[in-house]
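S.K.: One structure coming up, written as C-alpha cells, with questions to follow.
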Amino acid sequence: MRGREKAKKFSIILNIIIFLLKLLPKKLLIYFLSLVRHLPGYLGLALRYSLFKILCKSCGENVLIAPGSYFFNLHKLSIGDNVSIHPLCYIDAAGEIKIGNDVSIAHNCSIISFEHDYNTNSIIKDNQVLLRPIAIGSNVWLGAGVRVLSGSSIGNRVVIGAGTIVKDKVVDNSLNVGVPVKKIRNI
C-alpha cells in the first residue's frame, strides 16, 4: 500500500491527533517537534505530520517528514500535497519558503531562505541577515545533498541532481546539475 492510501486510511486518527495538539500552546508544540524529530515508525510520521499541520503557514495532505530532519520558522513554510522530506534535511523558512505539490526532497538537502550581508566593513558573521524567499514548484525532485539558497526559484517538473547548489532561477521542465546549477536538458 502506497503512502497516499495509508494517509487516507488513517485520516480520522490523524485529524483527532491534530485536534488534540491544537489545544496546546505553539511554543510547547515546537518543543514537542524537537522531541519527536528522531522518533521512528508510523507514530513518528503521524506526530511530525500533525505538528506540521498546526505549525506551518500551510501544509497539504499526505506529507511525509522522515526522522532526523531539522526545521526552523515553520510559520513561514508552505507545503503542498504529496510532499516527502527525507532524513537529515535542514529547512529554515526565515525568509519564507513555498513548496508545491508532488515534491520529493531527498536525504541531506538544505533549503535556507536567508544569508548574511557581507558588504559592510564589520565582522561578516555579525552582519545583518538578509531574508529572501524560496519558491519550489510542483512535480520537483531534489536529489541527495542539494542546497537551495535564499532567493532561489525552482519551476515545475524539474529534477535537481545530487550535490547541486541552487542560487538562482531554475526553469520549468528541466534536468539541472552542478555547482552552480546548470540546465543539462529539457525533460
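S.K.: When region 20-38 is examined, which residues are found to be part of a loop (DSSP other than H, G, I, E, B) and either surrounded by 11 or more Cβ atoms within 10 Å (Cβ to Cβ) or in contact with a helix residue (DSSP H, G or I) (Cβ under 8 Å, 6 or more places away or on another chain) (or both)?
M.R.: Correct list: Lys22, Leu24, Val36, Arg37, His38.
S.K.: Across region 13-65, what is the number of residues that are without any contact (Cβ under 8 Å) to a residue 24 or more places away in the chain and among the hydrophobic types (A, V, I, L, M, F, W, C)?
M.R.: So the answer is 15.
S.K.: Give me the pairs: first residue in region 85-99 and within 21 Å of Gly68 (Cβ to Cβ) and of a type in the set (Ser, Thr, Tyr), second residue assigned to a strand (DSSP E or B) and open to solvent by 50 Å² or more (accessible area, probe 1.4 Å), beta-carbon distance under 8 Å, and six or more apart or on different chains, which are they?
M.R.: Correct list of pairs: Tyr90/Tyr70.
S.K.: To continue, here is another question. Can you name the condition, by its number, that Ile136 falls short on among (1) closer than 26 Å to Leu33 by Cα; (2) open to solvent by 40 Å² or more (accessible area, probe 1.4 Å)?
M.R.: Checking Ile136 against (1) closer than 26 Å to Leu33 by Cα; (2) open to solvent by 40 Å² or more (accessible area, probe 1.4 Å), the one that fails is (2).
S.K.: With the structure loaded, tell me whether Ile65 is of a type in the set (A, V, I, L, M, F, W, C), within 20 Å of Lys9 (Cα to Cα) and buried (at least 20 other Cβ atoms within 10 Å of the Cβ) or whether it fails that test.
M.R.: yes
S.K.: While we're here: Could you list all residues from region 68-106 that are of a type in the set (D, E, K, R) and outside any loop (DSSP other than H, G, I, E, B)?
M.R.: Result: Lys76, Asp92, Lys98.
S.K.: Which one of the conditions (1) of a type in the set (A, V, I, L, M, F, W, C); (2) more than 19 Å from Gly151 (Cα to Cα); (3) open to solvent by 50 Å² or more (accessible area, probe 1.4 Å); (4) at pLDDT 95 or above does Cys56 fail to meet, given that it meets all the rest?
M.R.: Looking at each condition in turn, Cys56 falls short on (3).
S.K.: Conditions first: (1) within 13 Å of the chain's Cα centre (by Cα); (2) open to solvent by less than 10 Å² (accessible area, probe 1.4 Å). Ser152 passes all but one, so which condition is the exception?
M.R.: Among (1) within 13 Å of the chain's Cα centre (by Cα); (2) open to solvent by less than 10 Å² (accessible area, probe 1.4 Å), Ser152 violates only (1).
S.K.: Going by the structure shown, is Asp172 more than 12 Å from Ser110 (Cα to Cα), modelled with pLDDT of 95 or more and acidic (Asp, Glu)?
M.R.: yes
The values are calculated or read from the model by the stated rules, or taken from the named source; none is laboratory data. Because the structure is a prediction, the values reported are computed rather than measured. Cβ atoms come from the backbone with ideal geometry, glycine included; neighbour counts cover every protein chain shown. Remember, those area values only see protein heavy atoms, side chains included, never the ligands or the DNA or RNA. Shrake-Rupley method; radii C 1.70, N 1.55, O 1.52, S 1.80 Å.
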